[in-house]
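The values are calculated or read from the model by the stated rules, or taken from the named source; none is laboratory data. Remember, predicted model here, so these are calculated numbers, not experimental data. FYI the Cβ positions are ideal-geometry reconstructions off the backbone, even for glycines, and counts take in every protein chain you see. Calculation scope for accessible area: heavy atoms of the full protein, side chains included, ligands and nucleic acids excluded. Shrake-Rupley method; radii C 1.70, N 1.55, O 1.52, S 1.80 Å.
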Amino acid sequence: MKSLGLLIYLFLPLVATAQTPPKLGAPLAEISLETLDLISFDTKDQLFASNTSGDIYLYSQEGKQLNLFSPARQGRLNQLEASWTVNIFSFSADLQEYRILDRFLNPLAEKGFSPTEINLAKAATLGNNNVIWVWDESDLNLKSLDYLRNLIIQSQPLNLILASEDLNVSEIREFKNRLFINVPTTGIFIFDNQGNLMRKVAVIGINKLCYYKDHLLWIEAGKLMAVSLSTNETLTLAQLDNSEASYLQIGQERLAIVSKDTISLYHLPSWLKTIQ
């Protein structure tokens, strides 16, 4: 009996350790940016960040500022994407325009949606084959725009497809030829690259879409969470020390967490790389 008690005493700390989520550790760098809003990594782990005026900052892998783009027309960005191989994409619902820049933040194109059949763009994202996906709140349609020809290719009535009139779409993103539509009060809707509904992920309250190894990651109650898109399993990946952390983005070998006016930059942890 004493031997059994000793084994339990020795085993309990191991169980507690196994059940305790890991931590990210000390950040590689902390970037302070007044009125910080959006962030995005490019394919070389350079970090792009915008403030609420629409200025875009470029930082190195180590968090050193390299460049700054300040547009002539100031307006908050609703989308900032740097993960494409060549270009940087931004979209502003306030200005009803999108912008494409090169890797050095030189503007390549700056356009509004007129004279297309888009009247009130509330979310937009860059897609493959010269397409911009747009959520048009005026008619509750998801539209694909050929931005080279300024031509609407197709239009899908989301209110009919999703059987809902209350569609508060906060963000759309394309990952691996699938389109993800974030409706924070309802969940994530996944479409194929032709705009056909594939499935719904019933996870609510995600601030910004973050995709890694066929998982969606987000921050909830001070924890780093993930849901598998193949099994629907929800995982608690890590306990965060920062109670003000709101969302994250992941690059190739970097992870960034956004809190109020601060970006915490980390090496991508080895335990995250092993996620299946």
J(HN,Hα) series, region 134-149, from Karplus relation 6.51 cos²θ - 1.76 cosθ + 1.60, nearest Hz, glycine and proline x: 9, 9, 9, 6, 5, 10, 6, 10, 8, 10, 10, 10, 6, 6, 6, 9
Simple spin-label estimate for N130 and E34 in nanometres, 7 Å along Cα-Cβ: 4.2 nm
Cα-based convex hull, the chain, per residue volume (Å³, whole number): 141 Å³
Average accessible surface area per residue within region 58-107, 1.4 Å rolling probe, Å²: 46 Å²
Alpha-carbon centroids, region 47-70 and region 232-276: separation in whole Å: 19 Å
Dmax and Rg, reported as Rg then Dmax, of region 143-276 (C-alpha, Å): 16.2, 48
Whole-Hz couplings from phi, Karplus 6.51/-1.76/1.60, listed for region 60-71; x for Gly and Pro: 6, 4, 9, x, 8, 5, 10, 7, 8, 10, 10, x
For region 104-153, alpha-carbon Rg over 2.2 N^0.38 Å: 1.13
D_trans [Stokes-Einstein, Kirkwood Rh over alpha-carbon pairs] for region 132-171, 37 °C, 0.692 mPa s, µm² s⁻¹: 309 µm²/s
Where labels lie 7 Å past Cα in the beta-carbon direction, separation of N168 and L151 in nm: 3.8 nm
Among the listed pairs K64/K213; K64/K143; K122/K213, those beyond 32 Å (Cα-Cα): K64/K143
Region 22-144 pair-distance distribution - Cα-Cα, 5 Å bins, rounded %: 2, 10, 21, 22, 18, 12, 7, 4, 2, 0, 0
Residue-averaged [θ]222 nm for the chain, counting only DSSP H segments that reach four residues, each worth -39500 (n - 2.57): -2500 deg cm²/dmol
Label-point separation in nm, K260 to S138, each point 7 Å along Cα→Cβ: 3.8 nm
Nearest-10 value in Å² for the accessible area of K23, using the 1.4 Å probe: 110 Å²
For peptides 66-77, 85-96, sequence by mean Cβ density within 10 Å, most packed first: 85-96, 66-77
Full-stretch length increase - I275, F104 - with 0.36 nm per residue and alpha-carbon distance subtracted: 58.3 nm
Accessible surface of region 51-121 [probe 1.4 Å, protein heavy atoms]: carbon and sulfur percent: 48 percent
Region 127-188, accessible surface, carbon-and-sulfur percent (1.4 angstrom probe): 47 percent
Taking only Cα atoms of region 75-161, radius of gyration then Dmax in Å: 12.5, 42
³J(HN,Hα) computed for each position of region 106-111 - Karplus, 6.51 cos²θ - 1.76 cosθ + 1.60, integer Hz, glycine/proline x: 8, x, 9, 7, 9, 9
